[in-house]
1. Name every residue in the stretch 147-174 that is in contact (Cβ under 8 Å) with a residue 60 or more places away in the chain and of a type in the set (A, V, I, L, M), in order of residue number.
2. Which condition number in (1) closer than 30 Å to N211 by Cα; (2) surrounded by fewer than 17 Cβ atoms within 10 Å (Cβ to Cβ); (3) among the aliphatic types (A, V, I, L, M) is the one that L156 fails?
3. State all residues of the stretch 22-44 that are buried (at least 17 other Cβ atoms within 10 Å of the Cβ) and either of a type in the set (S, T, N, Q) or under 18 Å from W71 (Cα atoms) (or both); if no residue qualifies, say none.
4. Consider the stretch 96-111. How many of its residues are surrounded by 15 or more Cβ atoms within 10 Å (Cβ to Cβ) and assigned to a loop (DSSP other than H, G, I, E, B)?
5. Which one of the conditions (1) outside any loop (DSSP other than H, G, I, E, B); (2) surrounded by fewer than 18 Cβ atoms within 10 Å (Cβ to Cβ) does E163 fail to meet, given that it meets all the rest?
6. Mind checking whether some residue in the stretch 8-21 is touching a Phe, Trp or Tyr at 6+ places or on another chain (Cβ under 7 Å), at pLDDT 90 or above and within 30 Å of T206 (Cβ to Cβ)?
7. Mind checking which residues of the stretch 113-137 are in contact with a Phe, Trp or Tyr (Cβ under 7 Å, 6 or more places away or on another chain) and either surrounded by fewer than 16 Cβ atoms within 10 Å (Cβ to Cβ) or among the polar types (S, T, N, Q) (or both)?
Amino acid sequence: MQPGTEHRVAHELLADAFAHQYRYESSGRAFSAQCRFRDEQGEADATIAMTSAYDAQAVTALGVSTPRFEWLMQDLRSIARTLWGHDFEANEGRFAKLFDDSPHPMGPRITLVNDPHEATFRVRQHRITYATRREGELRHTVRIDRWHMRPDGRWLPAQFVAEIFDDAIARPLMSERYWDLFWPVGGELVPQMRRVDFTDDLGITTSRSINLAEWQIAH
């Protein structure tokens, strides 16, 4: 490729994949729902509210907060970050990019140059299929296996695996397999279900799930 071409091709390919991810058009979108969640301690109910990519709240029927809510809050915020807007140009877009188009079933690899997290992405058919980043000595990976596809071509992850590797020991410290289900309500997609199977470094697997219903959407 000619000088500058590699960055331009990689930038356009990654920008296109981010543009095809389903997001709420309005940053002021907010909603609430009834939530039933289950983990190794059993089943419980809560009312949840989500108002932005980083603001999710849950209150039990008794109004009692417990450490058990930590994983619920983590998953609700993960879902919220998926649905609310993302400024690609101010984030991934600001880095120079390397482009590796060697044949690969997940698509070509794009590497962000001088990114402190050393992020990489693979893109195929307008979708991100694989992403990595580093946090110190640890490498975080996400592999998306299935997608929810909208009629307009936009997508949301439906099944994906998130892992944390310690490259010094050449094996994952933990692995989480996700199943997400979304449902149209009021002209938008809202989360209906999330299931997660968590496997630790000893190979012990536990499961948790969230089911959401009775949506109330604020415009």
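The values are calculated or read from the model by the stated rules, or taken from the named source; none is laboratory data. Model, not experiment: these values are computed from the prediction. We place every Cβ from the backbone using ideal geometry, glycine too, and count neighbours over all the protein chains shown.
1. If the condition is that a residue be in contact (Cβ under 8 Å) with a residue 60 or more places away in the chain and of a type in the set (A, V, I, L, M), then L156 is the only one that fits.
2. Only one criterion is unmet by L156, namely (2).
3. S32, A33, C35, F37, D39, A44
4. Final tally of qualifying residues: 3.
5. Tallying (1) outside any loop (DSSP other than H, G, I, E, B); (2) surrounded by fewer than 18 Cβ atoms within 10 Å (Cβ to Cβ), E163 fails exactly one: (2).
6. yes
7. Within the stretch 113-137, V113, N114 qualify.
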